[in-house]
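Data block below; observations after.
The values are calculated or read from the model by the stated rules, or taken from the named source; none is laboratory data. Computed from a prediction, not measured in an experiment: that's the story for all the values here. When we count neighbours, we look across all protein chains shown, and the Cβ atoms used for this are built from the backbone with ideal geometry, even at glycine. SASA here: full protein model, heavy atoms, side chains in, ligands and nucleic acids out. Shrake-Rupley method; radii C 1.70, N 1.55, O 1.52, S 1.80 Å.
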Amino acid sequence: MATRSLGNSPISPSPSPSGNRIANIPCCSAKPSSISFPHRHLFFPPNTGNAAEINKELSLSNSSSTIIPPSHKPSVVIVDEQDQAMVEKCVVRGQKHLRELSSWGIGGPCSYFLEVSRPSHLVSAIRYCKARSIPFLIVGKGSNCLFEDRGFDGFVMLNRLEHSAVEVVEPGTYRVGSAFPFNRLGVRCSSEGFSGLEFAGGIPGTVGGATFMNAGANGQETGDVIESVEIVTMDGELRVLGRSELDFGYRWSSFQAMDNLAAILAVTFRLSPAPSARDRQKAFLERRRKTQPVGERSAGSVFRNPLGAGISAGELIELAGLKGFAMGGAKVSEVHANFFINFNGSTSGDMLALINFVKERVDQMFGIQLKEEIRYVPYE
């Protein structure tokens, strides 16, 4: 099975090296054969052995203890009958509304919901879905996704794995749990005098989501300072991917093309000493506050900046005369035209209509087809 394509959504698909995937929110049909669950976030350490050795030691197939070979610190994942029973007991059915998990505040109920706090619970939840052929997706901050008003006819897992975990491996090298807030990481690293993530101080979302999407701003990108990424696969294998095994592009990472990715567990960043990092981070944040609708219900930039056009998506939308333009409860921000606001009880239909209208107007006026940065998650 493959991750749900954007091709069936009212938003036209955005071609990228990864194909048409729902990025920050991977959605998978849990069929017993092969399940593609790309992109999500979790936690573990750098590679000290080859893949075969690691996979042998990390196999979860027998529901026994699994230990990552020691690097700077070993990690253990235990999956047993108690974990499986916990998942079945804690699943909430039909009561969790996705608007509560989205920065846009849009979205109806999901069929199943579970807040995941341990890697073993995540693996158990995935097995639960596979055994019952239930489609599922994993959500972090929900800061770049649009859920449908009807909700999602499947299982939603809220990533709360190792939520507060930040480990300083050595000065300038940070190993961070995927659910950790990306903006808090940017502020901390900059405050400690290290450069590379100053831009992150104003970026909503999680470390896992920023890594998956290769978030960036002010000439910096997440992928520029990643040393390694720890993941779990759909088969329950824990892997550590070094820098040479990863690729990054504009709002793209090779995780978006990984068919067997279940979740990102942790990310190790290597930053450079810079006494001016904190001042630069503060300047970036102040600029963001002045030029973006901070405090409004938005999902960040709706469109990617067109490559090679010499002009940003926001500038194109503003030149098209659409700043402040509204459809239903959705509106183009009057502060930054590439931010769309839920200002008056917007439905997913309102937001989709506004997105399509803006795309068509820009294409008609300038011959440029804007591509979405946000991700649409259909009901089924």
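Note that segment 345-353 has calculated 3J(HN,Hα) couplings of x, 4, 9, 5, x, 4, 5, 5, 5 Hz, one per residue in order, obtained from phi through the Karplus relation 6.51 cos²θ - 1.76 cosθ + 1.60 (θ = phi - 60°); glycine and proline are x. For segment 213-228, the residues whose backbone nitrogen is under 18 Å from a point 7 Å from the Cα of residue 250, taken along Cα to Cβ, are 213-224. In this Cβ point-charge picture (+1 for Lys and Arg, -1 for Asp and Glu), segment 118-167 has a dipole of about 220 debye about its Cα centre. In this structure segment 147-202 gives 30 Å² per residue of accessible area when probed at 1.4 Å with all protein chains present. Placing one equal scatterer on every Cα of segment 105-239 and applying the Debye formula, the log10 ratio I(q)/I(0) at q = 0.10, 0.15, 0.16, 0.20 Å⁻¹ is -0.38, -0.80, -0.88, -1.20.
Each residue of segment 334-342 was assigned a 3J(HN,Hα) from its phi angle through the Karplus expression (A = 6.51, B = -1.76, C = 1.60, θ = phi - 60°), giving 7, 8, 9, 5, 8, 10, 9, 10, 8 Hz with x at Gly and Pro.
Using the Cβ-Cβ distance between residue 92 and residue 260 with R0 set to 30 Å, the FRET efficiency from 1/(1 + (r/R0)^6) comes to roughly 0.65. Here the contact order of segment 101-184, divided by its residue count and restricted to Cα pairs under 8 Å and six or more residues apart, works out to 36 percent.
Estimated at 0.36 nm per residue, the fully extended path between residue 323 and residue 290 surpasses their Cα-Cα distance by 10.3 nm. Cβ-Cβ distance of residue 167 and residue 315, R₀ of 51 Å, FRET efficiency by 1/(1 + (r/R0)^6): the value works out to about 0.80. Near the amide H of residue 341, within less than 5 Å, lie the amide hydrogens of 331, 332, 333, all on another chain or at least 5 residues away, with H placed in the peptide plane.
Taking the 1.4 Å solvent-accessible surface of segment 297-347 as the whole, the part contributed by carbon and sulfur is 48%. Between residue 283 and residue 379, full extension at 0.36 nm per residue minus the direct alpha carbon distance yields a gain of 30.5 nm.
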